[in-house]
Amino acid sequence: MSSKTKLVLGITVATLLMTVMFAAAPKLSANPQQAATAEVKIDNFSFGPATLTVAPGTTVTWINRDDIPHTVVSTDSAFKSKVLDTDEKFSFTFTKAGNYPYFCSIHPKMTATIVVK
C-alpha cells in the first residue's frame, strides 16, 4: 500500500470516527432549560386539583373554565388575581417551599392548596 493510499485511508477513518463521535454527543441548545409549569382548572365552583404539589420555581397557571367570574387569592397575601372571566388565566411562580392555601374571594367556599417542596 502506498503512502498516499495510507494517508487517504487514515483521513477517511478519522472523518468517520469524528462523525460517529459528534452524532453520539449530547446536543447543546442555545435555549436554557424551560422552567416547570402546572395548571389548575377553575370549573363548577371548584379548583382542580384541590391540592397541587410542585417544586420551587414552578409557575402555576389557573384558568377559569367556568361560565362565571372567579378570583385566586392566597390566604397569606402571597398572590392575588384580578377577577377572571371565562377562559382568562392567572399565573404565579412559587419560589419558596411551603403550603399556600387559597380561595376565590367572590365564592369563599371555593378553596384549594398549592404545596411547594
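Details
- Selection count where residues are within 14 Å of Thr111 (Cα to Cα) and β-branched (Val, Ile, Thr), scope region 73-88: 2
- Taken together, the residues in region 33-54 that are within 13 Å of Tyr102 (Cα to Cα) and either among the polar types (S, T, N, Q) or exposed (fewer than 12 other Cβ atoms within 10 Å of the Cβ) (or both) amount to 3.
- Test: residue in region 38-52 that is at pLDDT 95 or above and in contact with a Pro (Cβ under 9 Å, 6 or more places away or on another chain): yes
- Just so you know, in region 79-100 the residues that are surrounded by fewer than 15 Cβ atoms within 10 Å (Cβ to Cβ) and over 18 Å from the mean Cα position of the chain (by Cα) include one that is farthest from Val40 (Cα to Cα), and it is Gly98.
- Of the set (1) part of a strand (DSSP E or B); (2) closer than 20 Å to Lys117 by Cα, all apply to Ile63 but (2).
- No other residue among Thr71, Thr75, Thr86 is modelled with pLDDT of 95 or more and closer than 18 Å to Ala38 by Cα apart from Thr71.
- Check on Ile11, modelled with pLDDT of 50 or more, more than 22 Å from the chain's Cα centre (by Cα) and part of a helix (DSSP H, G or I): yes
- So Ser74, is it without any contact (Cβ under 8 Å) to a residue 60 or more places away in the chain and not β-branched (Val, Ile, Thr): yes
The values are calculated or read from the model by the stated rules, or taken from the named source; none is laboratory data. These numbers were taken from a predicted model, which means no experiment stands behind them. Cβ: placed from backbone, ideal geometry, glycine included. Neighbour counts: every protein chain shown.
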